[in-house]
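Report on the following structure.
The values are calculated or read from the model by the stated rules, or taken from the named source; none is laboratory data. If you're wondering where the values come from, they're calculated on a predicted model, not measured in any experiment. Positions of Cβ are generated from backbone atoms using ideal geometry, with glycine treated the same way; all protein chains shown enter the neighbour counts.
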Amino acid sequence: MAMISKLMIENITPAVGAIAHGVDLREPLDAGTVAQIRRALLDQGVVFFRGQDLTREQAATFMENFGPLGTDPFSVAALAPPTLDASVHNMPTYGNAKATAVWHMDSTLAAEPAAYLSLRALELPPSGGGDTCWGSMYAAYDTLSAPVKAFIDGLSAEHSAYKTLPLLGGSNTGYLQETMRNVHPVVRVHPETGRKALFVNELWTESIVGLSPHESDSLLAMLWQHSASPEFTMRWRWAPNDLALWDNMAFQHYAVRDYTGNRVLQKAYVRGERPVGPR
């Protein structure tokens, strides 16, 4: 039987972030609670749930409220035969992890990037740190000037593992650089809200289609710098069993490299669809 919760939503900033109080994710959720969480997710981009000591199966059940589960095409679980369903898997990282210490969306190198993602803190650095930041690409787009909006609304960008794989090493580098490559609109229209959001990120976006390398590099550098403005972003200090659920279609995140020791987060992935730009 679905649990009827006493859910309360507390916004963190006007642009991004909310904390959900009064809900136990170990239990099935009633339709009204799911709808309230989804509304907060669409409005604020990322919703945090404190103190959620979940099994892997409970985490999967919770995420299925928001769509069919999938596998991150770039995760270790996706590159090796998993012994369990790879939709929910652990991500151990260390203080020297370079790849995610930039603003990014997950899996935009795929034809159908993730719609929603979650992270849950399993193990945190003994010295603290290891926070994660989130930023609204709605706000980033909305605050651009009208001429820039008019220019980028019709552009597309190529996303690939070209820049990221050398940071990680491994024998599959050349193969993955060639096979994991897709073109998406620079400005995405969100399939649920209908709002426009910037859809280029420093981790996966390689170039703007149709521009010279100099033009492409200059435009992307401007958009990435603009997207990181403090007005659009927030920072979350993890505690054990915190769970963050976010909208990967319109919000970026950044893993802060300010710690030593181990940091293990459990990740879950909801499949998305091919991005659509303005028409």
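Details
- Under the condition of being over 18 Å from Leu245 (Cα atoms) and among the small types (Gly, Ala, Ser), the residues counted in the range 99-120 number 4.
- Scanning the range 248-273 for residues that are under 17 Å from Arg120 (Cβ atoms) and not aliphatic (A, V, I, L, M) turns up Asn248, His253, Asn262, Arg263, Gln266, Lys267, Tyr269.
- Looking only at the range 110-142, residues that are in a loop (DSSP other than H, G, I, E, B) and more than 26 Å from Val189 (Cβ to Cβ) come to 8 in all.
- Matching entry among Ala20, Ala40, Ala60 (being surrounded by 14 or more Cβ atoms within 10 Å (Cβ to Cβ), more than 23 Å from Ser227 (Cα to Cα) and at pLDDT 95 or above): Ala20
- Residue match in the range 165-187 (condition: hydroxyl-bearing (Ser, Thr, Tyr), within 18 Å of the chain's Cα centre (by Cα) and modelled with pLDDT under 95): no
- Members of the range 208-234 that are surrounded by fewer than 19 Cβ atoms within 10 Å (Cβ to Cβ), over 18 Å from Phe251 (Cα atoms) and of a type in the set (S, T, N, Q): Ser212, Ser218
- Hey, Ala228 touching a residue at least 60 places away in the same chain (Cβ under 8 Å) and closer than 16 Å to Ala115 by Cβ or not: no
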